[in-house]
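Nothing in this text is a laboratory measurement; each read-out follows from the coordinates by a stated rule. Please read these numbers as outputs of a predicted model, since none were measured by experiment. All Cβ positions, glycine included, derive from the backbone under ideal geometry; neighbour counts span all protein chains shown.
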Amino acid sequence: MRYYNFTAEPSQSADDFFMNEAIKEAKIALSLDEVPIGAVIVSNGTIIGKGHNLTEQLNDVTAHAEMQAFTAAANYLGGKYLKGCTLYVTIEPCVMCAGASYWTQISRIVYGAKDEKRGFSLVKSMITHPKTEIVSGVKESDCALLIKNFFLSKRK
Ligand SMILES: [Zn+2]
């Protein structure tokens, strides 16, 4: 007698699942010839805001994926605070976006690959909200590869 396991796919963790959604946003940026960084904001298991880097399209150096996602999520909630929400972003937030996250009071930040040059963790001072939990390294290689390939293609 044989028993079949109907859960053929290994179950993804929620963090992996939502990081994949952020990677989809990064790929939209890539299709627009933007630096491929994507973000989603999740509340109670639902995506309430999405964003991808739009600095070229909007001619705006502040149009980072996280900033788009913060604005979208606040619009969705009808309030500026993102308590209880999680930001998933493919690359470590910069100091500006980490600073914006402070004002949102977001509960968690999950990022994929580190940004060795501009990531907020380079700054020693407490830049994120003291109640914000930080998780790094989720789907790190996928997130890093998008950026690496983008810049390699620019050098040709
Ligand atoms: Zn940023």
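Ordered by the count of other Cβ atoms within 10 Å of each Cβ, fewest first, K24, K139, K117 give K117, K24, K139.
Please arrange L82, L152, L32, L146 by counting, for each residue, the other beta carbons lying within 10 Å of its beta carbon, fewest first. Don't skip to the end; give the middle numbers.
Details: L82 26, L152 9, L32 13, L146 22.
If I rank by nearby Cβ atoms, fewest first, I get L152, L32, L146, L82.
Mean sequence separation of contacting Cα pairs (under 8 Å, at least six apart), scaled by the length of the chain, corresponds to a relative contact order of 19 percent. Counting only residues at least eight positions apart within a chain, or on another chain, the aspartates and glutamates with an alpha carbon under 20 Å from that of K148 are E21, E25, D33, E34, E56, E66, E92, D115, E116, E140.
What's the local net charge at D33, with K and R +1, D and E -1, over the other residues with C-beta under 10 Å away?
Values: positive: K154; negative: E34, E56.
Around D33, the charge tally is -1.
Summing Lys and Arg as +1 and Asp and Glu as -1 over all other residues whose Cβ lies under 15 Å from the Cβ of T71 gives a net charge of -1. Between L152 and Y81, the contour length at 0.36 nm per residue exceeds the alpha carbon distance by 21.7 nm. Distance from the alpha carbon centroid of segment 34-65 to that of segment 121-144 works out to 16 angstrom. Rounded to the nearest 0.05, the FRET efficiency derived from the C-beta distance between K117 and L58 at R0 = 30 Å is 0.85.
Peptides 17-23, 100-106, 34-40 ranked from most to least packed give 34-40, 17-23, 100-106, packing being the mean of other C-beta atoms within 10 angstrom over each peptide's residues.
Annotation: amide H-H contacts under 5 Å for G119 (H modelled 1.01 Å from N, sequence separation of 5 or more, or interchain): none.
For M126 and S31, compute 0.36 nm times the residue count separating them, minus their Cα-Cα distance, and round to one decimal in nm. All intermediate terms of the calculation are to be shown ahead of the outcome.
Details: separation 95, 0.36 × 95 = 34.20 nm, distance 3.51 nm.
Working it through step by step, the gained length comes to 30.7 nm.
Across V61, V138, V42, mean-square fluctuation computed from a Gaussian network of the chain (C-alpha pairs under 10 Å connected) peaks at V61. At an R0 of 25 angstrom, the distance between the Cβ atoms of T46 and S136 translates into a FRET efficiency of 0.60. Counting Lys and Arg as +1 and Asp and Glu as -1 over every other residue whose Cβ lies under 14 Å from the Cβ of E56, the net charge comes to -2. Only one residue of S121, P36, L145 has its Cα farthest out toward the positive end of the dipole of the chain, where Lys and Arg carry +1 and Asp and Glu -1 on Cβ, and that residue is S121. Listed cross-link partners K50/K156; K80/K131; K80/K117 are compared with a 25 Å cut-off, the Cα-Cα value being larger for K50/K156; K80/K117. Given +1 at the Cβ of Lys and Arg, -1 at the Cβ of Asp and Glu and no other charges, the dipole of segment 14-154 around its Cα centre is 300 debye to the nearest 20.
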